[in-house]
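Below: one structure, written as structure tokens.
The values are calculated or read from the model by the stated rules, or taken from the named source; none is laboratory data. Since the model is a prediction, treat every value here as computed from it, not as a measurement. Surface accessibility is based on the protein's heavy atoms, side chains included, excluding ligands, DNA and RNA. Shrake-Rupley method; radii C 1.70, N 1.55, O 1.52, S 1.80 Å.
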Amino acid sequence: MSARAAIEPPKFSRDLGNGVAYSWTCEEPEGHVHAIECLWVWHDCGKILGPETVAPGERFGWRPSGHRAHTLVQIEPLTITASVIWPDCCGKHGFITNGSYADV
């Protein structure tokens, strides 16, 4: 794969805009209510991997964000607090409110 190749979003993810998506990691058995522990928030990072990595010159691609310190305000449309950040790639930082992502 070259650095310019398209990278597919994570399976079963839902788009929040601005290269951010989310997915639920849990099965949905009858009666299950999603919790913050079920949530994965993803970012399609265009940063290029450096020479010290296992794939120099490749794109980072879809990266998960840490979220367990967040509060799940509502499931549909998705709203969580506080902000989400990707410190291990490009540092993208923003808020997810009413099913949309907005950069800080």
- Note on the structure: Computed ³J(HN,Hα) along region 87-104: with the Karplus parameters 6.51/-1.76/1.60, θ = phi - 60°, integer Hz and x for glycine or proline, the list is x, 8, 10, 9, x, 3, 8, x, 10, 10, 9, 6, x, 10, 9, 10, 5, 6
- Amide H contacts under 5 Å for Val73, restricted to residues at least 5 apart in sequence or on another chain and with H modeled in the peptide plane, are Thr79, Ile80, Thr81
- Task: Report in % the part of the accessible area of the chain that belongs to carbon and sulfur, leaving out ligands and nucleic acids; probe 1.4 Å.
- Result: 54
- Message: Taking the full set of protein chains and a 1.4 angstrom probe, give the accessible area of Phe60 in square angstrom, rounded to the nearest 10.
- Response: 40
- Message: Keeping all protein chains in the complex and leaving out DNA, RNA and ligands, what accessible area do you get for Arg63 with a 1.4 Å probe, in Å² to the nearest 10?
- Response: 80
- The long-range amide H neighbours of Lys47, using H built 1.01 Å from N in the peptide plane and a cut-off of under 5 Å, are Phe60, Gly61
- Message: Per residue, how large is the accessible surface of the chain? Use a 1.4 angstrom probe and give square angstrom.
- Response: 61
- Sequence of Lys47, Lys92, Lys11 from largest to smallest accessible area, 1.4 Å probe: Lys11, Lys47, Lys92
